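Accompanying notes for the structure given below.
The values are calculated or read from the model by the stated rules, or taken from the named source; none is laboratory data. None of the values given here were measured: they were computed from a predicted structure. Note that each Cβ is placed from the backbone with ideal geometry, even for glycine, and that neighbours are counted across all protein chains shown.
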Amino acid sequence: MKETNVTIISNNINRNLLTYYKDYFVIDKNFTLDDLVQHSKVIFFNILYTLTDIEIKELYNFLNDYDIKFINFTNNIDEALLTNYLIIYSEDKVIMEGNTIDILKREKDIRNLGLKLPFYIELSNLLKDYGLIDKTYIDKESLAGALWK
Amino acid sequence: MEIKTYLNEYGIIGVVSNYKNSLQPFNTIQDLNIKNLESALKMVGLDNTIIAKKYSDITINELWKIELATKLNNEIIIVGNLSTSLNNKDINYMKKLFRKLSQEYHKKIVIIDDDINIFFEIVKKILVVKNHKVIYETEDFFDKQLYRHCKMPKIVEFINYINRDKKILQNNVEIYELIKDIYRSV
């Protein structure tokens, strides 16, 4: 895994996965930005779902400004779009890893693991099947622009 | 209105609130004295191999299902944190199970979660509860006031965005209905 920000999704999230990332500081309950400053690497363990989209954006900018690398362990596949690198575990084994968008194109493999696609990716795929768009969009503005030109 | 009154009317309700898992640590599952253990485990999607597992080896997903297994004989079944404990396949399974428990076994079900997506296709009434009081209630997933208390699902966000100046799409929480509606409107 490159030294980059990563989302880790598991179909059976558990703390055993943390043993592979011992040099990261783990955050699994409410936190403030001040809590993060003293660490160069942090793990958010199933916690970012509590934040609004604006708060996540703020957090992301903060981490970027302070050059803090993070790994986001989550059940929520929509959070995968926060990072460019995605790792998917199944039963404590890495099943897929790589560029987030490339991984999310493997829809059948993802569904076989009991997971679902992020909403805009799933919607884009269905709209492509209907011939209404010709590529994948990851946000409402660009998707709306492609549909109602 | 009391939550019991809502349950009598709706059978299954969704509650936006914090939920703390109630299952205390145990040595093995036998310690929990679950009635008809094997069939209870089967009902929640676990097999008998879990019986021999120690608490420290059990995953969050499995713990959630075990907690549900302990509640199956209750008249009112309260569950929470599906969105953070289960994967999508399990969530869909549990929705079918809750419908079965409600329709065939006449159980009342309270689903507590911050993620409104969990309530789609299963819940007709949503309550927002703070400090043990119902502070808001709605039957409409597109009720803007609801989203003062929780995150808006992406499908609602998308439809609201498209309809911001003019109503183009119908309010829908089912993605295939949304696709048909988009197809008709472009």
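Of the residues A:Ile110, A:Ile138, which is more than 7 Å from every other protein chain (Cβ to nearest Cβ), more than 16 Å from B:Leu169 (Cβ to Cβ) and assigned to a helix (DSSP H, G or I)? Show your work before the answer.
Details: A:Ile138 fails: assigned to a helix (DSSP H, G or I).
Exactly one of A:Ile110, A:Ile138 is more than 7 Å from every other protein chain (Cβ to nearest Cβ), more than 16 Å from B:Leu169 (Cβ to Cβ) and assigned to a helix (DSSP H, G or I), namely A:Ile110.
Residues that are within 14 Å of chain A (Cβ to nearest Cβ) and of a type in the set (Lys, Arg) within segment B:79-110 comprise B:Lys89, B:Lys95, listed in sequence order. Taking interchain pairs and intrachain pairs at least six residues apart, which have beta carbon atoms under 8 angstrom, with the first residue in segment A:67-79 and at positive phi and the second surrounded by fewer than 20 Cβ atoms within 10 Å (Cβ to Cβ) and among the polar types (S, T, N, Q)? Short answer, once both residue conditions are applied: A:Asp67/A:Ser40.
Surrounded by 18 or more Cβ atoms within 10 Å (Cβ to Cβ), out of contact with any Leu (no Cβ under 9 Å at 6 or more places or on another chain), closer than 23 Å to B:Glu177 by Cβ and in contact (Cβ under 8 Å) with a residue 12 or more places away in the chain - does that describe any residue in segment A:105-113? No, every residue in segment A:105-113 fails to be surrounded by 18 or more Cβ atoms within 10 Å (Cβ to Cβ), out of contact with any Leu (no Cβ under 9 Å at 6 or more places or on another chain), closer than 23 Å to B:Glu177 by Cβ and in contact (Cβ under 8 Å) with a residue 12 or more places away in the chain.
Of the residues making up segment B:170-179, those that are more than 9 Å from chain A (Cβ to nearest Cβ) and within 23 Å of A:Asp78 (Cα to Cα) are B:Asn171, B:Asn172, B:Val173, B:Glu174, B:Glu177.
Does segment B:154-176 include one or more residues that are more than 20 Å from the chain's Cα centre (by Cα), assigned to a loop (DSSP other than H, G, I, E, B), among the acidic types (Asp, Glu) and at pLDDT below 95? Scanning segment B:154-176, I find at least one residue that is more than 20 Å from the chain's Cα centre (by Cα), assigned to a loop (DSSP other than H, G, I, E, B), among the acidic types (Asp, Glu) and at pLDDT below 95, so the answer is yes.
Going by what's in this entry, would A:Lys128 be described as over 20 Å from A:Leu17 (Cα atoms), within 14 Å of another protein chain (Cβ to nearest Cβ) and out of contact with any strand residue (DSSP E or B) (no Cβ under 9 Å at 6 or more places or on another chain)?
Working: over 20 Å from A:Leu17 (Cα atoms): yes; within 14 Å of another protein chain (Cβ to nearest Cβ): yes; out of contact with any strand residue (DSSP E or B) (no Cβ under 9 Å at 6 or more places or on another chain): yes.
When the stated conditions are applied, A:Lys128 passes them.
Please work out which residue is nearest to A:Asn16 (Cα to Cα), limiting yourself to segment A:33-85 and to residues that are of a type in the set (D, E, K, R) and within 14 Å of another protein chain (Cβ to nearest Cβ).
Here is the first cut: in segment A:33-85, the ones of a type in the set (D, E, K, R) are A:34-35, A:41, A:53, A:55, A:57-58, A:65, A:67, A:69, A:78-79.
From what's left, within 14 Å of another protein chain (Cβ to nearest Cβ): A:53, A:55, A:57, A:78-79.
Details: A:Asp53: 29, A:Glu55: 28, A:Lys57: 29, A:Asp78: 23, A:Glu79: 21 Å.
Here the residue is A:Glu79.
Say whether the condition of being part of a strand (DSSP E or B) and under 24 Å from B:Ser56 (Cβ atoms) is met by at least one residue in segment A:44-57. Talk me through it step by step, then tell me what you get.
Initially, segment A:44-57 is screened for residues part of a strand (DSSP E or B), giving A:44-45.
If we keep only those that are under 24 Å from B:Ser56 (Cβ atoms) too, we end up with A:44-45.
Yes, segment A:44-57 has at least one match.
Residue pairs whose Cβ atoms lie under 8 Å apart, sitting 6 or more positions apart in sequence or on different chains, and linking a residue in segment B:16-33 that is basic (Lys, Arg) to a partner that is not in a loop (DSSP other than H, G, I, E, B), are B:Lys20/B:Gly80.
Can you tell me which residue within segment A:10-32, out of those that are of a type in the set (D, E, K, R) and touching a strand residue (DSSP E or B) at 6+ places or on another chain (Cβ under 8 Å), is farthest from the other protein chains (Cβ to nearest Cβ)? Let's see the steps before the verdict.
Going residue by residue through segment A:10-32, those that are of a type in the set (D, E, K, R) are A:15, A:22-23, A:28-29.
The next check asks that each one be touching a strand residue (DSSP E or B) at 6+ places or on another chain (Cβ under 8 Å); those that pass are A:15, A:23, A:28.
Values: A:Arg15: 8, A:Asp23: 23, A:Asp28: 11 Å.
Among those that are of a type in the set (D, E, K, R) and touching a strand residue (DSSP E or B) at 6+ places or on another chain (Cβ under 8 Å), it is A:Asp23.
Looking at A:Ile68, A:Ile88, can you tell me which residue is within 27 Å of A:Thr50 (Cβ to Cβ), touching a His at 6+ places or on another chain (Cβ under 9 Å) and not hydroxyl-bearing (Ser, Thr, Tyr)? Steps first, please.
On the way: A:Ile88 fails: touching a His at 6+ places or on another chain (Cβ under 9 Å).
A:Ile68 is the lone residue from the list that is within 27 Å of A:Thr50 (Cβ to Cβ), touching a His at 6+ places or on another chain (Cβ under 9 Å) and not hydroxyl-bearing (Ser, Thr, Tyr).
Only one entry of A:Phe44, A:Phe62 meets the criterion of being out of contact with any strand residue (DSSP E or B) (no Cβ under 6 Å at 6 or more places or on another chain) and at pLDDT 90 or above, and that entry is A:Phe62.
Among the residues making up segment B:71-129, those that are of a type in the set (S, T, N, Q), under 26 Å from A:Ile47 (Cα atoms) and outside any helix (DSSP H, G or I) are B:Asn81, B:Asn87.
Out of curiosity, is A:Asp78 outside the structural domain of A:Ile138 (by TED's automatic domain parsing) and over 21 Å from A:Thr136 (Cβ atoms)?
Values: outside the structural domain of A:Ile138 (by TED's automatic domain parsing): yes; over 21 Å from A:Thr136 (Cβ atoms): no.
No.
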